[in-house]
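Undergrad: I am attaching a structure below and will ask some questions about it afterwards.
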Amino acid sequence: MRTIMHVDMNSFFASCEVAMSGGRYTYAMPVVVTGDAEARHGIVLAATPSAKKKGLYAGMPLTEARARCPEGIYLTARMNRYVEYSRRFMSILQYYSPLVESGGLDEAYLDYSGCEGLFGPAPQAADTIRQRVKDELGLTVSVGVAPNKLLAKQGSDYRKPDAVTILTDENFRELLWPRDVSELMYVGPSSARRLRELQIFSIGDLARSPLSLLCSQFGTKSGHALWERANGIDLSPVVPVPSPLKSISNSGTLPRDLLTRAEISAALLTHAERVAFRLRAIGCRAGVVRVALRDNTLAYRCAQRRLSPPTDVTNEIYAAAQILADEIWRGERIRQVGLALGRFCPAEGEQMTLFDPETHAAAQVMDRCADAIRRRHGYASLVRASMLDTAAANQISNEDKFAFSTNAYKLLDQTLL
């Protein structure tokens with residue numbers, strides 16, 4: 001029988017700030033971590049329980065958060081510090097099992113099956129992990145222990161913060177079925193609303209619903225998935241190695257709205273350089289490029305096209321992205337630009353282009369030279385001259401501006417790869 005743990009750090013970003021404050025802040029204070037308001041990322045990212053009691057939640061606009069909790073301690077996120085805490089957290093988990101699957105910076109699944117002889121029964125090991133994270137990192141975690149990943153995740157959500165919850169095939173109905181259907185994993189607001197319209201209010205109601213009804217309302221695949229999750233069924237394994245990448249993307253809200261084609265082009269070039277750099281790092285070429293634009297009313301448009309032959313050349317990716325942007329931009333003010341690559345194939349065995357092969361080859365050499373310089377001296381050690389222009393530089397994200405002005409990009413460089 002499998003034994004799975006889900007370990008979830010509580011209010012992670014806010015807890016990191018408390019731990020790093022040297023006693024200046026405590027977990028009982030309303031500490032709120034936010035995005036960079038100057039870069040128009042002004043939303044709540046994490047908050048301690050006392051701030052959450054005032055109604056704050058992740059994704060809330062900063063202006064609303066300040067109105068609800070004026071006494072809050074508002075801190076701008078420091079991602080590089082959180083990445084280091086996450087690395088140490090994962091290192092603790094890997095001591096207890098070779099099978100650890102990261103679910104993000106602040107959570108992971110751990111397959112504890114067969115490890116009982118080393119660290120004792122699963123509840124005991126879970127409590128040991130909880131205490132180690134508190135002692136070594138100054139952070140609290142909630143741990144769910146169950147026979148599968150679904151119930152382990154529901155267990156870690158059952159009691160917060162700083163708790164261990166055991167769910168079994170025998171007790172999960174008693175503990176979970178009375179809860180609102182919206183608390184079931186992967187049931188979003190839209191699905192919960194539709195379920196309530198069908199007089200399905202609790203997880204138990206959903207578990208006892210006719211499968212035929214769910215399939216007729218949500219489709220065969222989604223209907224089956226809803227019924228299985230409500231009944232605690234999940235056969236998915238803990239996968240310690242990430243699945244092969246299916247896409248690479250880069251996007252972000254810009255410091256100010258873009259008004260001209262030249263400004264959009266500058267943002268596209270910044271994104272093209274990043275995604276192409278990452279694409280070459282994994283030894284692949286892309287067969288599809290996709291561009292997305294969001295205007296200042298938050299309306300969203302996107303388009304994609306094939307890259308034939310597939311390529312990893314920055315200039316070729318940028319040229320295709322520019323064509324797509326020209327197709328979907330209608331002169332409105334642009335708040336966000338995104339660029340994504342997909343349909344990967346190995347870089348070996350390249351199909352040569354019939355048109356202008358010398359330019360293609362020269363661009364490849366230039367990209368590889370640039371990659372070598374950036375790997376040795378940091379990503380920001382090399383900047384295109386076009387990006388030094390003031391108008392173009394205004395379209396660069398704060399992260400890029402930071403990188404261009406310091407040698408600290410090595411950490412970001414490692415994170416990208």
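Undergrad: Can you compute the modelled spin-label distance between Val83 and Ala362, with each label point 7 Å from Cα toward Cβ, in nm?
TA: It works out to 3.5 nm between the two label points.
Undergrad: Run the dipole for region 63-103 about the Cα centre, Lys and Arg Cβ at +1, Asp and Glu Cβ at -1, nothing else charged, and hand back the magnitude in debye, nearest 20.
TA: Values: 6 positive and 4 negative charges, 28 e Å.
Charge dipole, region 63-103, about its Cα centre: 140 debye, nearest 20.
Undergrad: Only four residue types carry charge here, +1 at the Cβ of Lys and Arg and -1 at the Cβ of Asp and Glu. Report the dipole size of the chain about the Cα centre in Debye, rounded to the nearest 20. Don't skip to the answer; put the middle values down first.
TA: Numbers: 50 positive and 45 negative charges, 116 e Å.
Taking the Cα centre of the chain as origin, the dipole is about 560 debye.
Undergrad: Which value at 222 nm does the chain reach when only helices count, each DSSP H run of 4 or more adding -39,500 (n - 2.57), with the total divided by all residues and rounded to the nearest 500 deg cm²/dmol? Intermediate results must be reported in sequence, preceding the final value.
TA: Numbers: 18 runs with 183 residues, N = 417.
-13000 deg cm²/dmol, from helical runs alone.
Undergrad: Another question, if that's okay. Putting +1 on Lys and Arg Cβ atoms and -1 on Asp and Glu Cβ atoms, find which of Ala286, Met90, Ser11 reaches farthest to the positive end of the dipole of the chain.
TA: Ser11
Undergrad: Looking at this model, which pairs from Lys54/Lys160; Lys52/Lys160; Lys52/Lys149; Lys54/Lys153; Lys153/Lys246 are more than 22 angstrom apart at the alpha-carbon?
TA: Working: Lys54/Lys160 17 Å; Lys52/Lys160 13 Å; Lys52/Lys149 27 Å; Lys54/Lys153 26 Å; Lys153/Lys246 25 Å.
Where the Cα-Cα span goes over 22 Å, the pairs concerned are Lys52/Lys149; Lys54/Lys153; Lys153/Lys246.
Undergrad: Normalising by the residue count of the chain, find the relative contact order in percent from Cα pairs under 8 Å and 6+ residues apart.
TA: 13 percent
Readers should treat all values here as calculations from the given coordinates under stated rules, not as data from a laboratory. Note that this is a predicted model, so its numbers are computed, not measured. FYI the Cβ positions are ideal-geometry reconstructions off the backbone, even for glycines, and counts take in every protein chain you see.
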